[in-house]
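Accompanying notes for the structure given below.
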Protein chains: 2
Amino acid sequence: MTTTTTPETTTSIVDESAFLQALVQQVRAQDHYGVYRSWKDELVLANFVVSKEKKSQISVEGDVDPATQLRILCFYRAIAVCIEKETGKLCQVVTDLSHEGFGWAIVWTGRLMVLSRTLRDAQRFGYPSLKKLAAQGERLVDSGLKNIEKFPDAAEG
Amino acid sequence: MTTTTTPETTTSIVDESAFLQALVQQVRAQDHYGVYRSWKDELVLANFVVSKEKKSQISVEGDVDPATQLRILCFYRAIAVCIEKETGKLCQVVTDLSHEGFGWAIVWTGRLMVLSRTLRDAQRFGYPSLKKLAAQGERLVDSGLKNIEKFPDAAEG
């Protein structure tokens, strides 16, 4: 009984969020060896959830872990995909991280910077829950859409 | 006799080009150990000149040499500095290179992409002469200035 109800409750988070669906697609696209093929969407996104305690245990001294770099790229690519779906405009994504975990994440279309965020302590990238991950992704999608609305000429440029 | 005329002829290239001067500044700013301190400007820029024959000898198979990556970054930062001087607008620069020598170089101000270029075979970055280096730099500065003129609102954004 419990086994049938639990999956329903957990899948609903991803099912309800277009952003999380786009993010799952991004991660699965990187799964060249099919490791995640049988995994549920929540499990695929599990590494995007990092608790406050876990964050404090991650050192910001060294290089950013390649897996973390890829997660950051997936996050911003998912935002770009959502903006593309809404506007039909092709978005490009670039992330640039220094070895100290500082850097930029950039999404643009035409001549318009749709999104530009400075990154800090990228080693600790993650959100407290899938719900907060979804909320932040959607917030950034909205802000990108507003920029396109505000500067339509540059977006066409 | 010859020694007094030769330096005059060579310095004039950098002296005449605001872009090359900005580029020299960028390279010298990276010279943390003062190796270039006594070098003439032309010598500081010498590695930006790569002949066609030399290019064909550089393999595009492996990673981009960190020194070449830094030269590419200096090149686009010099462009950004020249645009800043003309317009008073703070420009940001990001270069993003894959290990295969492909990638992006981006200059932006406010919400405007002042310059966005795809990079290919970055391992072979260089120009046939200082004159061609100056011409290409100035061409990109001009195209950036035109974009700012065309989209003043986004540049303010």
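The values are calculated or read from the model by the stated rules, or taken from the named source; none is laboratory data. Treat the numbers as computed from the prediction; the structure is a model and nothing was measured. We place every Cβ from the backbone using ideal geometry, glycine too, and count neighbours over all the protein chains shown. Note: areas computed on protein heavy atoms with side chains; ligands, DNA, RNA excluded. Shrake-Rupley method; radii C 1.70, N 1.55, O 1.52, S 1.80 Å.
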Inset, instruction - Taking the Cα atoms of the stretch A:35-157, report the difference between the largest and smallest coordinate on each principal axis, in whole Å and largest first. - result: 46, 34, 25
Inset, instruction - Run through the other copies and list how far each one's label point is from that of residue B:118, in nm with one decimal, shortest first; the point sits 7 Å from Cα along Cα-Cβ. - result: 3.2
Inset, instruction - Please work out the ratio of the alpha-carbon Rg of the protein assembly as shown to 2.2 N^0.38 Å and round it to two decimals. - result: 1.18
Inset, instruction - Output, in nm with one decimal and in ascending order, the distances from the residue A:46 label point to the matching label points of the other copies (7 Å from Cα along Cα-to-Cβ). - result: 5.7
Legend entry - Bridge type composition, chain A - antiparallel percent by DSSP, nearest 5: 95 percent
Legend entry - Loop GluC sites (Glu not before Pro), the stretch B:5-87, which have at most 10 other Cβ atoms in a 10 Å radius of their Cβ (DSSP): B:61
Inset, instruction - Go ahead and set up a Gaussian network model of chain B, Cα springs under 10 Å, then flag whichever of B:17, B:38, B:59 fluctuates most. - result: B:38
Legend entry - Inter-centroid distance (Cα atoms) of the stretch B:21-67 relative to the stretch A:116-151, Å: 38 Å
Inset, instruction - Whole number in Å², please: accessible area per residue of the protein assembly as shown, 1.4 Å probe, ligands, DNA and RNA not counted. - result: 57 Å²
Legend entry - Shortest-first nm distances, residue A:129 label point to equivalent points in other copies (7 Å, Cα→Cβ): 6.7
Legend entry - Chain A Cβ-axis minimum, rotational copy B, residue and distance in Å: A:154, 2
Inset, instruction - Rank B:101, B:88, B:110 by mean-square fluctuation in a GNM of chain B with C-alpha springs under 10 angstrom and give only the top-ranked residue. - result: B:88
Legend entry - Where B meets A: accessible area buried, both sides, 1.4 Å probe, Å²: 1600 Å²
Inset, instruction - Give the percent of DSSP beta bridges with both residues in the protein assembly as shown that are antiparallel, rounded to the nearest 5. - result: 95 percent
Legend entry - Given charges at Cβ of Lys, Arg, Asp, Glu: the stretch A:54-157 dipole, positive-most of A:127, A:110, A:97: A:127
Inset, instruction - Taking a cut-off of 25 Å between Cα atoms, list the lysines near residue B:85, but don't count ones fewer than 8 places away on the same chain. - result: B:40, B:131, B:132, B:146, B:150
Inset, instruction - Could you check how much of the accessible area of the stretch A:1-117 is carbon and sulfur, as a whole percent, using a 1.4 Å probe? - result: 52 percent
Legend entry - Amide H contacts under 5 Å for residue A:114, placed H, 5+ residues apart: A:107, A:108, A:109
Legend entry - Dipole magnitude (debye, nearest 20) for chain B, charges at Cβ of Lys, Arg, Asp, Glu: 140 debye
